[in-house]
Structure formats: structure tokens, C-alpha cells
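S.K.: Please read through the structure below; I'll follow up with questions.
The values are calculated or read from the model by the stated rules, or taken from the named source; none is laboratory data. Model, not experiment: these values are computed from the prediction. Don't worry about glycine lacking a Cβ; one is built from the backbone with ideal geometry, like all the others, and counts go over all protein chains shown.
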Amino acid sequence: MQTGQASRTAYAAARYRAAHQVLEHGSIFRDPLALKILGHEPDELLADAPRRGMRMFIAARHRFAEDHLAAAVSRGVRTAVVLGAGLDTFAYRNPHPSLTVLEIDHPDTQAWKRERLAETGITIPENMRYVGVDFEHEKLELDLDGPAFFLWMGVVPYLTIEAFTETLSFISEGTGNEVVFDYAQDPERMSAERRAALEARAARVAKIGEPWLTFFDPTEIAERLVGLGFGEIEDLGPSGLAARFFNRPDVPPETPGGHVLHTRHP
Ligand SMILES: C[S@@+](CC[C@H](N)C(=O)[O-])C[C@H]1O[C@@H](n2cnc3c(N)ncnc32)[C@H](O)[C@@H]1O
């Protein structure tokens, strides 16, 4: 991220969620505030329409996360922490009366989000609060009362491995804490065609000052999680996501691409 400027990839991710509401009518992930927080007309989103793969990945990762969160709430979790929240709207349409939401983000992105909320007339609920943190330069410190559910979407690739590890270690300190995050696979291990597509996307985000810094392979991330005491890992890559959300059981298991993962610290 560039200091002094709100995250531009946060705006891009929000556009994909809004476009999904317009083009697929929220068939995978319904977010009635996705368009409102942007303040755009539906027609203005159609420029992103060709990038269907990324749009559907983003829709699936949020659906996966909010399904797991609902299960956690039914087990008694009372706090959700949205890390690197960007223009995520969960806090403003939180369907769980017992759940308090903390939004953590880089202070520059958070200030911009609060302007967007004010401009678009989205009410800030009483059961939420904001914490500004730069993961690269500050330790995450939250006073949590009981187990919490962390939603960490679209952030890990933009962090250094040190900032990622530091934040994950913090999450691992709380008994019963859960986390959902997505990660990108190492392009070195992909076919030339897929690597070229990924590198083109990486070049686009690097150009706007938010390069991808951290990649994992499923075995490597699983080892790191187990090393920190996490268990019950559910990691869906292209094959698992296609089967669960897109009625496509035919995608080969080892297909490389974006992954989304849920795990719990017992
Ligand atoms: C691609 S956006 C994703 C936003 C949101 N989670 C979503 O899914 O739409 C990346 C987010 O990570 C945050 N971020 C990136 N680097 C950060 C850092 N060093 N400290 C805090 N937040 C950071 C940005 O401010 C931004 O909100």
C-alpha cells in the first residue's frame, strides 16, 4: 500500500462484488449494500464484466466466509473482526444480533471508507467499532472478550510474509479463534499459460502501488497453520470452489489458482 492514499484494490474488489449483484443478481453472494457503498449506477459497473473469473472468485470467497461465520455464531462466537476491511459491507448488514463487528484497516483506507459511508447514507450500527492498523509497521492488539471470527479477505497477497505471520500468530493466541483468508498460489509452479495470466494481473496491481508479495502452496500453508496450533482446515482451490458454488464437479483437483481457507484454533 502507498501511505497517504486509500487502497485502490479495495475499490476494485468492491466493484467486483457490486458487478456480481448486477450481472448474476447475487446468485453466489448476496450483498444488498455492494452497489450502494460505491454510489455508482449499475451501468457504470459493466466495464468489469469481462473479468468473470475474478468476479466469481470474489463472490465465492465472501459466501464461504459468511457461511462459516454463521456457523461460528451458532456455536456461540460473539465477535467478528474484519481485517483489511476495504469496502466490505458485512458490518452494515450484520444479520446476527449477538455479534459485534470490529473493522481493522490501514488508516488511509479506513478514512476513505468512512467518507463513502457518510456520502452514501449507510448507517453505522452501534455494535461495531473501527481500529486503524498498518500491518507492516504495527502489531495487531485487540482486547477480545472470548473467541473471535476473523475475516481476512483479499489481503494476504499484499502483505510481506513477516506481516502475515505476525497477524496470524495474533489470531492463534485466542482459544477458539477462527479465520477465513484467501491466498494466491506460487506462479512458479503453474503452467506457462496460467502463469502468464497471473503475472498480467500481478503487474496491474503492482502498477497501482499494491504489488502481490506473498504466495503459498496448499501443503505449505497447512504446515504453517498446524505449526501455530490451528486445526480443522478447510482449503478450497479452483476445483473445490467450482464444485461447491458453481455446480462444476469436473474441474481437476490439482488446478492451480486462488484458494480460500477456513481454520479454527482449538
Ligand atoms: C484488495 S483490498 C481487500 C479489501 C476487502 N477485504 C475486500 O475483500 O474487499 C486489500 C485491503 O488490505 C488492506 N491493506 C493492505 N495492506 C495493508 C497494511 N499494511 N495494513 C493494513 N491494511 C492493509 C487495504 O487497506 C485494503 O483494505
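S.K.: Can you work out which of the residues in the range 163-185 that are of a type in the set (A, V, I, L, M) and at pLDDT 95 or above is nearest to Arg61 (Cα to Cα)?
M.R.: Val180
S.K.: For the range 171-208, name all the residues that are of a type in the set (A, V, I, L, M, F, W, C), part of a helix (DSSP H, G or I), within 20 Å of Gly237 (Cβ to Cβ) and under 20 Å from the mean Cα position of the chain (by Cα).
M.R.: Result: Leu198, Ala202.
S.K.: Of the residues that sit in the range 29-51 and are free of Cβ contacts under 8 Å to residues at least 12 places away in the same chain and away from the ligand (no atom under 16 Å from the Cβ), which one is surrounded by the most Cβ atoms within 10 Å (Cβ to Cβ)?
M.R.: Looking at the filtered set, the residue picked out is Glu44.
S.K.: Scanning the range 139-161 for residues that are loosely packed, with under 12 Cβ neighbours inside 10 Å and out of contact with any Lys or Arg (no Cβ under 9 Å at 6 or more places or on another chain), which turns out farthest from Thr79 (Cα to Cα)?
M.R.: Restricting to residues being loosely packed, with under 12 Cβ neighbours inside 10 Å and out of contact with any Lys or Arg (no Cβ under 9 Å at 6 or more places or on another chain), the top hit is Lys139.
S.K.: Just to be sure, is Ser169 surrounded by fewer than 19 Cβ atoms within 10 Å (Cβ to Cβ), of a type in the set (Gly, Ala, Ser), closer than 19 Å to Ala222 by Cβ and more than 10 Å from the ligand (Cβ to nearest atom)?
M.R.: Spelling it out, Ser169 is indeed surrounded by fewer than 19 Cβ atoms within 10 Å (Cβ to Cβ), of a type in the set (Gly, Ala, Ser), closer than 19 Å to Ala222 by Cβ and more than 10 Å from the ligand (Cβ to nearest atom).
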